[in-house]
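Notes follow the structure.
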Amino acid sequence: MLKKTIAALAASIITASAANISGAGASFPAPVYFDWAYMYQKATGNQVNYQSIGSGGGIKQVSARTVNFGASDKPLKPKKLDRKRLYQFPAVIGSIVAAYNIPGIKDGELKIENKDLAAIFMGKIKYWDDKRITEDNPGLNLPHKEIVVCHRADGSGTTFNFSYFLAHVSEDWANNVGIGKALDWPTGLGGKGNEGVASLISQNPYSIGYVEYAYKLKNGFGAAVLQTASGKWVEAKEENFKAAAKYAKWTPAKHFYQILALQPGDNSYPIVAATFILLPREATEMNKEVVKFFDYSFKHGDEDAKKLGYIPLPEQTKEMIRSYWKEHGIY
Amino acid sequence: MTRQERRILLNNIIMFLSSAAAIAGMLFLFWIIGVLIYKGFTALNLDIFTYDMAPPGREESGLRNALVGQLMLVLGASLIGVPIGVLAGTYLSEYGGKKGRLARLIRDISDIMMSTPSIVIGAFIYALLVEPFGHFSGWAGIAALAVMMVPIVLRTTDDMLQLVPGSLREAAIALGAPKYKMILQVVYRGAKTGMLTGILLSIARIAGETAPLLFTSFSNNFFSTDLNQPIASLTVTMFNYATSPYDDWINQGWAAALILALFVLGANIIGRIIIRTKKGDR
């Protein structure tokens, strides 16, 4: 009662300006959301304040209803969405790359087998000139330097997708580390957000870490050549991300729950992930405002997303999302 | 070696060690200030004050919204924290007495509060003002900073008022002044420079806080003066920018650090000048 009175009082003192939306969560799509919000504000005057606090934080804050939308790279299962009373839809697709900073070795020169990548992140391959790495890279002069592993320290959807991938290519990883937003890391340095991991990689020579492709582009790191689901070498390049993304099978009835790692195809980069928006079901009016922002971005934001290294959703997926919105009365 | 020589030697060793420690402390201070000034001034330009925060790599990018937000937060916290702190300090010194049980309890509690990690205060305000209301807000940030401020102002006010000699109070009472007049016109007047210094130092203290704002006032990428909404602050922006991988954001983070440091340094220096001039008067 008191709470309501105070809230009403406060609201009457300060009349809200144009629809201001606040959202928080994943750092993986943060660069593109910042850009979309910037353009949306220029075009409509509405402010979409997105804060990059990690997928774990995004799920927590939208569940606590302290933000208007949450963002997570780890999709929530339909059951969990029902329990937390949330809607969920994808916003954009990105890719996680194994980014390295080895003086003298350029982008895309280093090949790492998927299972060896797991061994590196488990601390079982300790030096860059380990036989398991050199045998795949006969032309490269790899130094006898210790590998500095950089990973996330916060609850992260990027970690979820990366560990999902590693668990499916390495039994050792699946049995001893597992899949999750936050892991019990056997080795390495922890950073907060994709931002934090990117800074760690750039500050530490001979390091390797996993970041969203946009962060690799902005920082000029090298990205390792990995393997497709069937074991073919595949470069971390936009066309290969797209090749993987086209295998996505979206089902609105499951709130688009879908993990995109290890898709079939000869050119499919193995760690591609969609990033999701979470909306509180009861906030119909505010959801309409949030949906307007994403609708605008779907219409006008593709070029921006591509420039930053993301893959925009295909038109038919966007249509699918629009009918999902309509079905729930928020479009 | 005679006893005298041994004592001189020991004396010299101790002197050397303590001077070395002092120099090491100073060295780090000047190192920090030096790096801050160098990196901060190279990043500082007019755009910082005229444009709002923008995504990395944009031309029209600044910190205007964070500066305004920071001022609003600090001002709001001061408006709440200073009166409560001064009044509570007055109670302790003038009504509670040195030995009073309640006064002693309050003093102990405020000492504990002063050493409470600021992130704990942030979490407390989150549970009290963010979760129940369903949004991050400038008010929550103000409340968190005010909670931090009260014990500092309370203790300095208490200490300063107690420095006023009891004979002055007795003289005022003897002349027939009621107690409130005695406090307002005699005790406050005698302690005002000390109280003002305490207030300035407490403002300087809270102005540099990030932890209590992280999940109360949150942050805002846009210009907003609505305290019901998340609001940007220099400290949180600095934290976000400094840990980001973008060069332009990192530079702006340095500029924010410099502005903040100059503000805090300014408040400290003004506080010290006030103490100096007071001593000169005597």
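The values are calculated or read from the model by the stated rules, or taken from the named source; none is laboratory data. Everything numeric here is computed off the predicted structure, so don't read it as measured data. Positions of Cβ are generated from backbone atoms using ideal geometry, with glycine treated the same way; all protein chains shown enter the neighbour counts.
Worth a mention:
- For the range A:296-331, a residue qualifies if it is more than 20 Å from the chain's Cα centre (by Cα) and of a type in the set (D, E, K, R), and the qualifying residues are A:K299, A:E315, A:E319, A:R322, A:K326, A:E327.
- Close pairs (8 angstrom Cβ cut-off, 6 or more residues apart or separate chains): in contact (Cβ under 8 Å) with a residue 12 or more places away in the chain in the range B:27-38, among the small types (G, A, S) anywhere: B:I33/B:A261; B:L36/B:A257; B:L36/B:A261
- The range B:173-282 holds helices (runs of 4 or more DSSP H) entirely within its bounds, and those carrying 2 or more residues that are among the β-branched types (V, I, T) and over 30 Å from A:G54 (Cα atoms) map to B:188-207, B:247-281.
- Across the range A:217-237, the qualifying residues are those that are outside any loop (DSSP other than H, G, I, E, B), within 14 Å of chain B (Cβ to nearest Cβ) and touching a helix residue (DSSP H, G or I) at 6+ places or on another chain (Cβ under 8 Å), and the one among them that is surrounded by the most Cβ atoms within 10 Å (Cβ to Cβ) is A:K218.
- Scanning the range A:1-29 for residues that are modelled with pLDDT under 90, in a loop (DSSP other than H, G, I, E, B) and more than 8 Å from every other protein chain (Cβ to nearest Cβ) gives A:M1, A:T15, A:A18, A:A19, A:S27, A:F28.
- Screening the candidates A:V62, A:V32 for the property of being in a helix (DSSP H, G or I), within 12 Å of the chain's Cα centre (by Cα) and either crowded, with 24+ Cβ neighbours inside 10 Å or more than 12 Å from every other protein chain (Cβ to nearest Cβ) (or both) yields one hit, A:V32.
- Odd one out for B:G253, checked against (1) touching a helix residue (DSSP H, G or I) at 6+ places or on another chain (Cβ under 7 Å); (2) surrounded by fewer than 22 Cβ atoms within 10 Å (Cβ to Cβ); (3) within 14 Å of chain A (Cβ to nearest Cβ): (2)
- Condition met for B:T216 (away from every other protein chain (no Cβ under 14 Å), surrounded by 20 or more Cβ atoms within 10 Å (Cβ to Cβ) and touching a residue at least 24 places away in the same chain (Cβ under 8 Å)): no
Yes/no matrix, rows are residues, columns are (1) under 23 Å from A:S170 (Cβ atoms); (2) not acidic (D, E):
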| position | (1), (2) |
| --- | --- |
| A:G70 | no, yes |
| A:R83 | no, yes |
| A:L86 | no, yes |
| A:F89 | no, yes |
| A:E113 | yes, no |
| A:A119 | yes, yes |
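- Number of positions in the range B:72-108 that are free of Cβ contacts under 8 Å to residues at least 60 places away in the same chain and not in a helix (DSSP H, G or I): 3
- Just one of the listed residues (A:G104, A:G123) is touching a residue at least 60 places away in the same chain (Cβ under 8 Å) and either charged (D, E, K, R) or assigned to a loop (DSSP other than H, G, I, E, B) (or both), and it is A:G123.
- Neighbours by Cβ (under 7 Å, 6+ apart or cross-chain): first from the range A:196-210, more than 9 Å from chain B (Cβ to nearest Cβ) and in a loop (DSSP other than H, G, I, E, B); second surrounded by fewer than 24 Cβ atoms within 10 Å (Cβ to Cβ) and among the acidic types (D, E): A:Y206/A:E146
- For beta carbons closer than 8 Å, sequence separation of 6+ or different chains, a first residue in the range B:111-130 that is closer than 16 Å to B:N228 by Cα and a second that is β-branched (V, I, T), the qualifying pairs are B:I125/B:V147; B:I125/B:T216; B:Y126/B:T216; B:L129/B:T216; B:V130/A:T66; B:V130/B:T216.
- Restricting attention to the range A:306-331, the residues being of a type in the set (G, A, S) and either in contact with a Lys or Arg (Cβ under 7 Å, 6 or more places away or on another chain) or more than 26 Å from A:A214 (Cα to Cα) (or both) number 2.
- The range B:136-182, subset surrounded by fewer than 21 Cβ atoms within 10 Å (Cβ to Cβ) and under 28 Å from the mean Cα position of the chain (by Cα), residue nearest to B:G69 (Cα to Cα): B:D159
- Verdict on A:L260 being at pLDDT 95 or above and either basic (K, R) or crowded, with 19+ Cβ neighbours inside 10 Å (or both): no
- Among the residues of the range B:78-128, those that are of a type in the set (S, T, Y) and more than 12 Å from B:R155 (Cα to Cα) comprise B:S78, B:Y95, B:S115, B:T116, B:S118, B:Y126.
- Residue check for A:N101: out of contact with any Pro (no Cβ under 8 Å at 6 or more places or on another chain) and among the polar types (S, T, N, Q): no
- So A:Y100, is it closer than 30 Å to A:A24 by Cα and not assigned by TED's automatic domain parsing to the domain that holds A:E315: yes
- Scanning the range A:22-72 for residues that are touching a strand residue (DSSP E or B) at 6+ places or on another chain (Cβ under 8 Å), closer than 16 Å to A:E289 by Cβ and among the hydroxyl-bearing types (S, T, Y) yields A:S22, A:Y33, A:Y40, A:Y50.
- Residues of the range B:72-124 satisfying the condition of being among the charged types (D, E, K, R) and within 28 Å of B:L214 (Cβ to Cβ): B:D111
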